[in-house]
Amino acid sequence: MAAATRTERLAIRSSEDVVKVRQQTRIFAVAAGLSLVDQTKIITAASELARNTLDYGGGGEVCIEVTEYGGRRGVRLAFEDRGPGIPDVKAALKDGFTTGSGLGLGLGGARRLANEFSIESKVGVGTKVTITRWKS
Ligand SMILES: Nc1ncnc2c1ncn2[C@@H]1O[C@H](COP(=O)(O)OP(=O)(O)OP(=O)(O)O)[C@@H](O)[C@H]1O
Ligand SMILES: [Mg+2]
């Protein structure tokens, strides 16, 4: 079983909150012992997902934790909103797909930057995206 050794919950309601998510992700990545390169990867992914939570999910929250599995440490982030949901998750993950004014690179980019990526979304209910980056 993976064990959370440290957890923080942050609301995502404004651009300032997105900055706070980046800052906290860095603190947790350092605590998990991630290299500078891996810190940057998880911070970039967190930033994209926090933006989506704000722009498309109408705001929400993130749970950030240092996790441990088989003696290995990592950072896990779970973004959750009660927005409109994503009708076609497979399409949304494709590079270039956007319903807004972005480049459509956020979700796919976040998936590539993380070691683990999962998304659950239900139209009319909301979206939850979870990513983990392990210490290499
Ligand atoms: N939390 C969410 N709730 C509802 N729809 C979402 C959510 N996150 C993403 N989406 C949908 O998935 C699409 C793709 O997201 P993605 O982050 O890849 O691109 P983008 O945000 O449109 O552009 P970019 O991230 O490159 O600025 C979005 O345009 C939106 O339609
Ligand atoms: Mg995006």
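The values are calculated or read from the model by the stated rules, or taken from the named source; none is laboratory data. Values in this document were obtained by computation on a predicted structure and should not be read as measured data. A quick note on method: Cβ atoms are made from the backbone with ideal geometry, for glycine too, and the neighbour counts reach across all protein chains shown. All accessible areas refer to the heavy atoms of the entire protein, side chains included, with ligands and DNA or RNA removed. Shrake-Rupley method; radii C 1.70, N 1.55, O 1.52, S 1.80 Å.
Computed quantities for the displayed model
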{"item": "Checklist (1) at pLDDT below 95; (2) within 12 Å of ligand 1 (Cβ to nearest atom) applied to Thr53, failing item", "result": "(1)"}
{"item": "Among (1) closer than 12 Å to Ile131 by Cβ; (2) of a type in the set (A, V, I, L, M, F, W, C); (3) modelled with pLDDT under 95, the one test that Cys63 misses", "result": "(3)"}
{"item": "Any pair with Cβ under 9 angstrom, 6 or more apart, that starts in segment 1-27 at a residue that is small (Gly, Ala, Ser) and ends at one that is open to solvent by less than 60 Å² (accessible area, probe 1.4 Å) and in a loop (DSSP other than H, G, I, E, B)", "result": "Ala11/Gly59; Ser14/Gly59"}
{"item": "Selected residue (only one of Gly59, Gly74, Gly70 is in contact with a strand residue (DSSP E or B) (Cβ under 9 Å, 6 or more places away or on another chain) and farther than 19 Å from Ser15 by Cβ)", "result": "Gly74"}
{"item": "Entirely in segment 8-116, the helices (runs of 4 or more DSSP H) that have 2 or more residues that are of a type outside the set (Gly, Ala, Ser) and either open to solvent by less than 10 Å² (accessible area, probe 1.4 Å) or in contact with a Lys or Arg (Cβ under 8 Å, 6 or more places away or on another chain) (or both)", "result": "15-31, 36-55"}
{"item": "Residue count for segment 117-136, restricted to those that are open to solvent by less than 20 Å² (accessible area, probe 1.4 Å) and over 17 Å from Ala45 (Cα atoms)", "result": "1"}
{"item": "Failed item in (1) within 8 Å of ligand 1 (Cβ to nearest atom); (2) under 29 Å from Ala3 (Cα atoms); (3) at pLDDT below 95, with Gly71 passing the rest", "result": "(1)"}
